[in-house]
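K.L.:
Take this structure, written in structure tokens, and hold onto it; I'll ask about it next.
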Number of protein chains: 2
Amino acid sequence: MSLAPLRNDTFLRALLRQPTDHTPVWLMRQAGRYLPEYCATRARAGSFMALAQTPELACEVTLQPLERYALDAAILFSDILTVPDAMGLGLHFVEGEGPRFERPLRDEASILALAAPDPNQSLRYVMDAVRTIRSALAGRVPLIGFSGSPWTLAVYMIEGGGTSDFRQVKTMLYRRPDLLRHLLAVLTQAVADYLNAQIEAGAQAVMIFDTWGGVLSTSHYQRFSLAPMQQVVAQLQRECDEPVEGAGHRRARVPSIAFTKGGGQWLEQIAGSGVDAVGIDWTTELGDARARIGSRCALQGNLDPLALMGEDAQIRAEVARVMESFGVPQAGFGHVFNLGHGISQFTRPDAVQALVEAVHEYGRKQRASTPARA
Amino acid sequence: MSLAPLRNDTFLRALLRQPTDHTPVWLMRQAGRYLPEYCATRARAGSFMALAQTPELACEVTLQPLERYALDAAILFSDILTVPDAMGLGLHFVEGEGPRFERPLRDEASILALAAPDPNQSLRYVMDAVRTIRSALAGRVPLIGFSGSPWTLAVYMIEGGGTSDFRQVKTMLYRRPDLLRHLLAVLTQAVADYLNAQIEAGAQAVMIFDTWGGVLSTSHYQRFSLAPMQQVVAQLQRECDEPVEGAGHRRARVPSIAFTKGGGQWLEQIAGSGVDAVGIDWTTELGDARARIGSRCALQGNLDPLALMGEDAQIRAEVARVMESFGVPQAGFGHVFNLGHGISQFTRPDAVQALVEAVHEYGRKQRASTPARA
């Protein structure tokens with residue numbers, strides 16, 4: 001299969017802290033229920049899992065937001081819990097309640113029996129989707145691959161689904177930290193293999209979603225969430241073949257992003273984990289994050305997803321506030337505009353139009369207002 | 001009514017950053033469902049609201065944890081949502097789902113019609129409970145009064161109950177900040193009046209629970225959560241009559257505590273709001289909080305409530321970790337041991353015994369290991 005050269009690499013450049021003409025933007029869960037065309041495809045698929053497991057349909061919904069908006073990246077349509085599903089836990093979705101496992105981890109034996117799956121076997125549908133999407137994108141924008149973090153996968157695997165008190169997983173953490181460490185070691189291997197397989201299949205950047213790191217104490221975050229992520233990042237392939245104009249390939253860097261929701265207190269540690277970019281939720285001021293992290297990593301974020309409930313003028317003002325907080329992009333700093341969490345299903349599609357236009361406009365204005373960079 | 005002089009003022013002294021013999025401890029929601037005797041009384045009352053609204057029963061459950069454990073403070077048994085209930089919203093509790101309002105705020109007219117209630121009229125049952133408990137305590141330990149923060153009350157009043165996405169209140173925040181500010185102004189007055197009435201009735205310290213401040217961006221936190229709390233604190237009575245040995249009274253300071261769950265990034269600002277102590281959840285290291293706040297405020301917290309799921313030896317180790325993180329108490333610094341959030345209903349009652357003993361033991365050991373203070 002021959003792939004087209006990338007026509008818009010702004011997103012990758014920003015992640016690698018290289019100069020860009022504008023601030024790139026994409027949105028977590030940009031292929032989601034706020035889009036009527038997504039709902040239509042999902043209805044055709046029958047279920048969320050059927051949608052994720054049918055490469056042609058996964059490709060279709062991945063591209064839908066790109067048809068509407070001038071987004072600077074596509075993200076593989078999938079779920080953060082595909083890995084535990086491939087480990088035999090039986091992922092399904094209960095309407096209005098989120099993900100559930102049919103066979104959550106409830107005893108030592110079931111944890112000790114787990115093994116990292118071969119991503120090209122039981123997760124082959126994901127790699128097929130990556131290849132299909134990459135080909136359909138035809139070089140328009142880069143494709144992001146992703147996984148849940150080992151800690152976040154462990155939470156869902158032990159709790160069996162969403163939770164408000166994290167009682168099962170924390171009982172294990174306090175009573176049987178050895179068992180939790182064993183589980184995290186298996187998941188670390190599984191996530192590293194999974195992300196590397198996505199890179200081999202064509203993902204041009206990867207993101208680790210640590211949805212639940214923020215419920216831990218600082219020392220537990222470091223041990224049970226950040227350390228496994230760091231081990232994943234250390235095992236990632238750093239480069240992929242990128243087609244060049246004419247023919248042939250060059251080796252290109254595959255940037256990685258780590259995002260701990262509620263991790264605002266630990267940004268320095270996350271920035272030190274080996275990733276190229278740190279995802280920031282909306283509770284942290286981007287300017288403060290930039291001051292704390294310096295030019296060690298690019299930043300990705302961080303508009304409150306609910307800001308999209310405002311009217312267009314209010315959305316533009318909030319976008320400007322976020323970009324002002326980051327400040328003028330300078331050489332050595334990178335900013336990828338995003339929400340601080342997944343987009344709400346109740347968002348007006350037009351609100352996203354206002355957001356994307358505002359990011360591109362404001363970013364060009366910021367750059368025009370300062371002397372050219374070296 | 002003549003009250004007994006206070007025999008254990010360790011809690012109040014720690015809040016005022018005065019030297020103490022040991023580290024005082026109490027637990028958020030210490031009169032709660034983890035205690036079988038609480039469940040029995042609640043069953044007798046028929047409902048949570050009947051329990052809270054019957055002063056003799058509220059007094060009974062307030063004292064139950066003190067009968068079991070050597071706690072250094074009692075906290076009024078009530079709910080953070082009594083004020084909106086008194087404003088006519090109709091508070092009730094749905095088993096397993098938490099608080100609900102029968103008449104949530106859904107339009108501008110219902111918000112503009114709100115007025116701060118007279119706490120000695122519609123909230124008289126709370127003041128009666130404070131007086132009954134204070135008398136029954138007979139000087140054993142101080143009594144804490146409390147309220148939800150204006151922002152937290154606004155969240156529940158607009159959402160109508162618990163929420164995972166805060167969509168209604170944030171839609172108002174982004175679309176109609178003027179209306180939200182109006183609501184918060186009314187609630188600020190209501191909360192200040194309510195806490196002052198509790199102080200007049202006999203509360204010896206007051207705490208403001210800002211359960212939902214942590215879902216805001218930094219600038220919105222300052223405007224919509226912290227600023228109203230600061231205005232409440234500015235209006236608080238600073239002193240009360242405290243009976244002294246023999247007869248008569250002295251004027252005693254009534255310390256205030258503010259607790260924003262998820263507010264770890266904003267501790268300096270909270271410490272600057274005029275309160276005597278800052279509540280810390282378990283995601284922040286107490287030693288870091290102490291370094292950031294210095295001797296401006298006492299700290300209250302911050303064991304992960306789920307640490308109580310461990311065995312006794314594990315609980316003792318976690319208690320020691322928290323107290324080591326705070327460090328040796330020195331003149332000008334104050335630490336009140338608490339959980340970082342309310343105790344889980346699934347806690348073994350014996351776990352609390354282990355915790356309280358460990359706090360007292362370890363605190364005495366810390367003090368013995370250092371030269372006497374000035």
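Throughout, read-outs are computed from the coordinates displayed, never taken from laboratory work. In this text, all values refer to a predicted model and were calculated from it rather than measured experimentally. Methodologically, a virtual Cβ is constructed for each residue, glycine included, from the backbone with ideal geometry; neighbour enumeration extends over all protein chains shown.
K.L.:
Enter the Cα centre distance for the pair the range A:308-374 and the range A:15-46, rounded to the nearest angstrom.
P.N.:
15 Å
K.L.:
I need two numbers for the range B:217-282: Rg to one decimal and Dmax as a whole number, Cα atoms only, in Å.
P.N.:
15.3, 53
K.L.:
Relative contact order of chain B: what whole-number percent is it, with Cα pairs under 8 angstrom and at least 6 residues apart? Numbers along the way, then the final one.
P.N.:
On the way: 724 pairs, mean separation 81.7, N = 374.
Computed over chain B, the figure is 22 percent.
K.L.:
Can you pull out the trypsin sites (Lys or Arg not before Pro) in the range A:1-31 whose DSSP state is coil and whose Cβ has at most 15 other Cβ atoms within 10 Å? Present the calculation step by step, with values, prior to reporting the outcome.
P.N.:
Details: sites: A:ARG7, A:ARG13, A:ARG17, A:ARG29; in loops: A:ARG7, A:ARG17, A:ARG29.
Listed in order of number, the matching sites are A:ARG7.
K.L.:
Sticking with this one: Using a Gaussian network model of chain B whose springs link C-alpha atoms within less than 10 Å, name the residue from B:VAL130, B:VAL232, B:VAL186 with the highest mean-square fluctuation.
P.N.:
Comparing B:VAL130, B:VAL232, B:VAL186 in the GNM, the peak value goes to B:VAL186.
K.L.:
Using a Cα-Cα cut-off of under 14 Å, which aspartates and glutamates could be cross-linked to A:LYS365, ignoring same-chain neighbours fewer than 8 residues away?
P.N.:
A:ASP21, A:GLU324, A:GLU357
K.L.:
Counting only Cα atoms, I'd like the Rg/Rh figure for the range B:231-358, Kirkwood definition for Rh. Mind showing how you got there, number by number?
P.N.:
Details: Rg = 16.5 Å, Rh = 16.0 Å.
With Rg and the Kirkwood Rh in hand, the quotient comes to 1.03.
K.L.:
Another one. Work out the length of the dipole vector of the range B:10-368 about its Cα centre, built from +1 on the beta-carbon of each Lys and Arg and -1 on the beta-carbon of each Asp and Glu, and round it to the nearest 20 debye. Spell out each step's value before the answer.
P.N.:
Values: 34 positive and 38 negative charges, 116 e Å.
Roughly 560 debye, rounded to the nearest 20.
K.L.:
Let me ask you something else. Under a straight-distance cross-link criterion of Cα-Cα below 17 Å, which lysines are reachable from B:LYS261, leaving out those fewer than 8 residues away in the same chain?
P.N.:
In chain and number order, the partners are A:LYS261.
K.L.:
Just to be sure I understand the curve: with the Debye formula and one point per C-alpha of the range B:1-139, what is log10 I(q)/I(0) at q = 0.15, 0.17, 0.18 Å⁻¹?
P.N.:
Log10 of I(q)/I(0), two decimals: -0.86, -1.02, -1.10.
K.L.:
Something else about it: To check you understand DSSP bridge types, tell me what percent of the beta bridges within the range B:10-368 (both residues inside) are antiparallel, rounded to 5. Don't skip to the end; give the middle numbers.
P.N.:
Numbers: 10 of 34 bridges.
Roughly 30 percent of the beta bridges in the range B:10-368 run antiparallel, per DSSP.
K.L.:
Moving to a separate point now. Have a look at B:GLN222, B:GLN204, B:GLN314 and tell me which one the Gaussian network model of chain B (Cα, springs below 10 Å) gives the largest fluctuation.
P.N.:
Result for chain B, Cα springs under 10 Å: B:GLN314 fluctuates most.
K.L.:
Turning to a different aspect of this structure: Can you give the log10 of the normalised intensity I(q)/I(0) at q = 0.17, 0.18 Å⁻¹, computed with Debye over equal Cα scatterers of the range B:96-207?
P.N.:
The Cα Debye sum returns log10 ratios of -0.87, -0.94.
K.L.:
Also: Would you work out if the range A:1-51 is rounded, prolate or oblate? Take a ≥ b ≥ c from the square roots of the eigenvalues of the alpha-carbon gyration tensor; rounded if a/c is under 1.5, else prolate when a/b is larger than b/c, oblate otherwise.
P.N.:
Working: a/c = 3.42, a/b = 1.99, b/c = 1.72.
The shape class here is prolate.
K.L.:
Further question on the same structure: Starting from one equal scatterer on each C-alpha and no solvent at all, send me the Debye-based log10 I(q)/I(0) for the range B:88-142 at q = 0.25 Å⁻¹, two decimals.
P.N.:
Log10 of I(q)/I(0), two decimals: -0.99.
K.L.:
Where does the protein assembly as shown land on Rg(C-alpha)/(2.2 N^0.38 Å)?
P.N.:
Values: Rg = 27.2 Å, N = 748, 2.2 N^0.38 = 27.2 Å.
Its radius of gyration relative to the 2.2 N^0.38 Å reference: 1.00.
K.L.:
Rounded to the nearest 500, what is chain A's calculated 222 nm mean residue ellipticity when only DSSP H runs of at least 4 contribute -39500 (n - 2.57) each, over all residues?
P.N.:
Helix-only estimate at 222 nm: -12500 deg cm²/dmol.
K.L.:
Given the C-alpha centroids of the range B:194-273 and the range A:194-214, what is the distance between them in whole angstrom?
P.N.:
Between the Cα centres of the range B:194-273 and the range A:194-214 lies a distance of 45 Å.
K.L.:
Let me ask something else. Calculate, for B:VAL328 and A:CYS39, the FRET efficiency according to 1/(1 + (r/R0)^6) with r their C-beta to C-beta distance and R0 56 Å; round to the nearest 0.05.
P.N.:
On the way: r = 60 Å, r/R0 = 1.07.
It comes to 0.40.
K.L.:
Taking the Cα centre of each part, how many Å lie between the range B:135-172 and the range A:173-193?
P.N.:
Taking the Cα centre of each part, the range B:135-172 and the range A:173-193 sit 37 Å apart.
K.L.:
Still on this structure, I have one more. If we count every other residue with Cβ under 10 angstrom of A:LEU57's Cβ, Lys/Arg +1 and Asp/Glu -1, where does the sum land? List each step's numbers first, then the result.
P.N.:
Details: positive: A:ARG42, A:ARG44; negative: A:GLU56, A:GLU60.
Charge balance near A:LEU57 sits at 0.
K.L.:
Let me ask something else about it. Name the shape class, rounded, prolate or oblate, that the alpha-carbon gyration tensor gives for the range B:153-204, where a ≥ b ≥ c are the square roots of its eigenvalues, rounded holds for a/c under 1.5, and otherwise prolate holds if a/b is larger than b/c and oblate otherwise. Mind showing how you got there, number by number?
P.N.:
Details: a/c = 4.75, a/b = 2.00, b/c = 2.38.
It comes out oblate by the Cα gyration axes.
K.L.:
Per-residue mean of other chain beta-carbon atoms within 10 angstrom of the beta-carbon, peptide B:299-311? Intermediate results must be reported in sequence, preceding the final value.
P.N.:
Details: counts 0, 0, 0, 1, 1, 8, 3, 10, 5, 3, 8, 7, 2.
Across the residues of B:299-311, the mean count of other-chain Cβ atoms within 10 Å is 4.
K.L.:
Under 37 °C and 0.692 mPa s, how fast does the range B:10-368 diffuse according to Stokes-Einstein, given a Kirkwood radius computed over C-alpha pairs? Answer in µm²/s, whole number. Don't skip to the answer; put the middle values down first.
P.N.:
Details: Rh = 20.5 Å.
The calculation lands on 160 µm²/s.
K.L.:
Would you mind counting up the charge near B:PRO255? Only other residues with Cβ under 10 Å from its Cβ, with Lys and Arg at +1 and Asp and Glu at -1. Don't skip to the end; give the middle numbers.
P.N.:
On the way: positive: B:ARG13, B:ARG17, B:ARG238, B:ARG253; negative: B:ASP276.
Overall, the nearby charge balance is +3.
K.L.:
Cβ under 12 Å from B:ASN120's Cβ, B:ASN120 left aside: what net charge do those residues give with Lys, Arg +1 and Asp, Glu -1? Intermediate results must be reported in sequence, preceding the final value.
P.N.:
On the way: positive: B:ARG124, B:ARG131; negative: B:ASP118, B:ASP128, B:ASP193, B:GLU200.
Here the count lands on -2.
K.L.:
Kyte-Doolittle cut-off 0.0, length cut-off 20 Å along the helix's own axis using Cα: show which whole DSSP H helices in chain B pass. Walk me through the numbers before you get to the answer.
P.N.:
Values: long enough: B:55-68 (21 Å, -0.18); B:177-201 (35 Å, 0.50); B:312-326 (21 Å, -0.05); B:349-368 (29 Å, -0.66).
What comes out of the filter, once short or polar helices are dropped, is B:177-201.
K.L.:
Return the average number of partner chain Cβ atoms within 10 angstrom of each residue Cβ along peptide A:276-283. Mind dumping the intermediate values first?
P.N.:
On the way: counts 0, 0, 0, 0, 0, 1, 5, 13.
Partner Cβ neighbours, averaged per residue: 2.
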